[in-house]
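*Asks:* The structure's right below; bear with me while I get my questions together.
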Amino acid sequence: MSTKIFINLPVKDLNRSISFFTELGFSFNPQFTNDKGTCLIIGENINAMLLVEEFYATFTHKEICNAQTTSEVLLSISLETREKVDEIMAKVVSAGGTEYMEAKDYGWMYQRTFLDADGHHWEVFYMDESKIPTQS
């Protein structure tokens, strides 16, 4: 089995989270979905476990932060084109998410930022690696 990453995020309303990410065009792994959580498929080897807060709390002794007021993680997803970045942001707003920061265009990278229904901070970006400035 190849290495996979599973990001775990607490959510207040699982059905609302599923609906939000479905509207963005993501799918879920039914093998890892029940009333306590679901597995959001981000890429071939990248997944986010969206876990209801009560279930998430069984994996930690720490207090669950309020993602509306505290930053716990920045999640970034690369997309194929600048247009795809703008397309997903239109879906974010339509699905009830919030555009969090103004778009940033670095010439070689274009990035936009949103908050999901639980306040988790996501970035979607397009990067042309052939245009990354060299460091001297």
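*Asks:* For the range 15-35, what are the residues that are surrounded by 13 or more Cβ atoms within 10 Å (Cβ to Cβ) and either in a loop (DSSP other than H, G, I, E, B) or out of contact with any helix residue (DSSP H, G or I) (no Cβ under 9 Å at 6 or more places or on another chain) (or both)?
*Replies:* Of everything in the range 15-35, those that are surrounded by 13 or more Cβ atoms within 10 Å (Cβ to Cβ) and either in a loop (DSSP other than H, G, I, E, B) or out of contact with any helix residue (DSSP H, G or I) (no Cβ under 9 Å at 6 or more places or on another chain) (or both) turn out to be Arg16, Ser17, Ile18, Ser19, Phe21, Thr22, Leu24, Phe26, Phe32.
*Asks:* Go through (1) within 29 Å of Thr134 (Cα to Cα); (2) among the β-branched types (Val, Ile, Thr); (3) surrounded by 15 or more Cβ atoms within 10 Å (Cβ to Cβ) for Val11 and report which single condition fails.
*Replies:* (1)
*Asks:* Can you name every residue in the range 36-57 that is exposed (fewer than 15 other Cβ atoms within 10 Å of the Cβ) and either among the aliphatic types (A, V, I, L, M) or touching a Leu at 6+ places or on another chain (Cβ under 9 Å) (or both)?
*Replies:* Result: Lys36, Ile46, Ala57.
*Asks:* Still on this structure: Mind counting the residues in the range 92-119 that are within 18 Å of Val73 (Cβ to Cβ) and part of a strand (DSSP E or B)?
*Replies:* Residues in the range 92-119 being within 18 Å of Val73 (Cβ to Cβ) and part of a strand (DSSP E or B): 8 in total.
*Asks:* OK, next. I need a count of the residues in the range 79-102 that are surrounded by 14 or more Cβ atoms within 10 Å (Cβ to Cβ) and small (Gly, Ala, Ser).
*Replies:* Looking only at that region, the number is 2.
Rule-based calculations on the coordinates, nothing more; no lab input. This is a predicted model, so every value here is computed, not measured. Cβ coordinates were reconstructed from backbone atoms using ideal geometry, including for glycine residues, and neighbour counts include every protein chain displayed.
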